[in-house]
Every structure is written in C-alpha cells, then in structure tokens.
C-alpha cells in the first residue's frame, strides 16, 4: 500500500531551467533561465548537446545559489538516453557525489522524493535534484531517426528539450517540501508507444486518489495539482476517471505537457513529454508563483511510461507510474 511520507525540515532553496527553442517559443518561454536556438547546444551530436544542457543547468543553479559544486552533499539526476548518460556525463564535470536515477518522465519527482528523504533523515544537509530530456535524442532512441521523417499520430507527444534543477536544503526558505508519496506500477494494457498519456493516466489517478485517501487535505486545499506530461489525451482520461471516483479536479488540475507549448500554433500533437517537462515547467511556472505568493500549496505528480525501444517491439504493454511531491509556502 502506498503511504504518505512526511518530511522534516526540507526546503526548496533555488531552481534553474534550460530549454530549447521550441520550448522558449511557447506560452511560458519567458520564464526559463536559459534557452538555446541551437539544438546541439554547441556540440557535435544531440547526445553531447543534452549533456551540455545539463551542465548549463547545474552551473546556473549553483550561480543563483551562490554555491560551488563541492558545497553539494549529493546530486540525483536522470534522463531518457540509454543508461542515463546525459546526466551522468554532466555530473562527472562537477565535484559532487552523484546518484543516477531512471523513472522515465517521473524522474524529477523521484529525485525530489529521494533527496527529501535523505535531508529529512539527516543523512545530508542539501541535495541537487535534476532531470533532462531532448527531443532529438529521444526520437532516434525510441522511435525513428530524425532523417526518416515519420508521420506522427494525433495522440503522440513532443519530447521536451529541457533540463530542470532543484536545490533542496535543511535551511528554512519560503517553500518547503512537506510530504510525498511513492507510486506503484500500474499496467493498463496500453501497447501503443504513441499514446503514452493513456498509459500513464491510470497511474496518475491511482496516486492522486491514494494521497487524498490518507491526507488531512482535500483537493480544494491545493492551488494546483500538476501532472508531469499526460498531454491532452492522458489528461482528459485522468480527469474523467477522477470525476467518476468523486474527485472533481477540473479547476485546479494542470498538465505540464499541455502548458509548455501552444497546442494550436506549435506542431506538437497531444503536447509535451519527457523527463524535462515537469522539471522545467514545475520550476518556471509553479515554483515562481509560490514565491510570488499567488499559490500556497502545490502537488507535483510526476508521471512516467516505463518502456524502452525493445519492449514495445516485443509486444509488451507500457506500464505507468506516478509519484507525488507536495510543496507548501512556509
């Protein structure tokens, strides 16, 4: 059974975001710290470009925090490239202990949960949680080489080119990580890799329901319940499933995959996806609104589709997972 984990003295000190051009051209493009018009980020391959994007993001976070790498007790990061090499290669450039994570698009929520556990348990004083994805590295790994020019279905999503980093600490700040809930894997029998929103929707519903079944709060106590990247298709499924189970979240449920792009003007089909989706939108939109005082309590629901390039070819279904992280103004 999933149980709520309550954290003691875990605070969000700073965030940083780096994105690509398509993301910077979207509705919240002006809220990101850095954007690059070059999808290679000055390197000679997409994979090296994603590593450079991660390096820029970590550097930006350290600069905004007034810290150097050796001040960080532990870094936790992950991405979608095989064996998480994008974040690992970035982390090797810095003098800090590192834990590589993989939770698909839920990775930033996983990193925040583990970081919070380490700080709350007094194992470390601070932690750097980060996650990245890149459209070009993900496309040629999970689907087709970009040169192939394959047609995409309406339910498909555009992998976000972006990296988001969060500095957590035991020193009091304006925002605390109050509690969290570790998800369980839910398999809804979806086999279409171009409909990952449907694969993840049931997991999101399961974790949200599990949280409210145990919590002192109800849904109206949250200014925003933010899913990672269900996209239009998955979001519609999740909202409908929650409605049928007595949770009306139409007014305060948001999906980062639907927010990062202009779904009418930009050719992204059902919206955005990828490890970077919640990582950058969560920091650039919702954390900033909390700092401005326009939001008091926000729930991040990191959603992930647990597939690889071979599992679908072998006829396997696509399991989903969703982790909950609750942020609260102090």
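A few comments on the model shown:
- Options 112, 101; residue that is modelled with pLDDT of 95 or more, touching a helix residue (DSSP H, G or I) at 6+ places or on another chain (Cβ under 8 Å), at negative phi and crowded, with 17+ Cβ neighbours inside 10 Å: 101
- For segment 1-28, a residue qualifies if it is closer than 13 Å to residue 260 by Cβ and touching a strand residue (DSSP E or B) at 6+ places or on another chain (Cβ under 7 Å), and the qualifying residues are 17, 19, 20, 21, 23, 24.
- Residue count, segment 300-327 (criterion: crowded, with 20+ Cβ neighbours inside 10 Å and farther than 22 Å from residue 133 by Cβ): 1
- A single entry from 90, 127, 138, 131 fulfils the requirement of being out of contact with any helix residue (DSSP H, G or I) (no Cβ under 6 Å at 6 or more places or on another chain) and either closer than 29 Å to residue 186 by Cβ or surrounded by 20 or more Cβ atoms within 10 Å (Cβ to Cβ) (or both): 138.
- Qualifying positions in segment 248-289 - touching a strand residue (DSSP E or B) at 6+ places or on another chain (Cβ under 9 Å) and farther than 21 Å from residue 304 by Cβ: 252, 266, 267, 288, 289
Residue-by-condition table, conditions (1) crowded, with 19+ Cβ neighbours inside 10 Å; (2) touching a helix residue (DSSP H, G or I) at 6+ places or on another chain (Cβ under 8 Å); (3) touching a residue at least 60 places away in the same chain (Cβ under 8 Å):
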{"residue": "207", "(1), (2), (3)": "yes, no, yes"}
{"residue": "210", "(1), (2), (3)": "yes, no, yes"}
{"residue": "221", "(1), (2), (3)": "no, no, yes"}
{"residue": "234", "(1), (2), (3)": "yes, yes, yes"}
{"residue": "246", "(1), (2), (3)": "no, no, no"}
{"residue": "271", "(1), (2), (3)": "yes, yes, yes"}
{"residue": "275", "(1), (2), (3)": "yes, yes, yes"}
{"residue": "282", "(1), (2), (3)": "yes, yes, yes"}
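- Failed condition for residue 250, given (1) under 22 Å from residue 289 (Cα atoms); (2) in contact with a helix residue (DSSP H, G or I) (Cβ under 9 Å, 6 or more places away or on another chain); (3) surrounded by fewer than 17 Cβ atoms within 10 Å (Cβ to Cβ); (4) in contact (Cβ under 8 Å) with a residue 12 or more places away in the chain: (4)
The values are calculated or read from the model by the stated rules, or taken from the named source; none is laboratory data. Keep in mind that this is a model prediction, so the values were computed, not measured. So basically every Cβ, Gly included, is an ideal-geometry build from the backbone, and we count neighbours across all protein chains shown.
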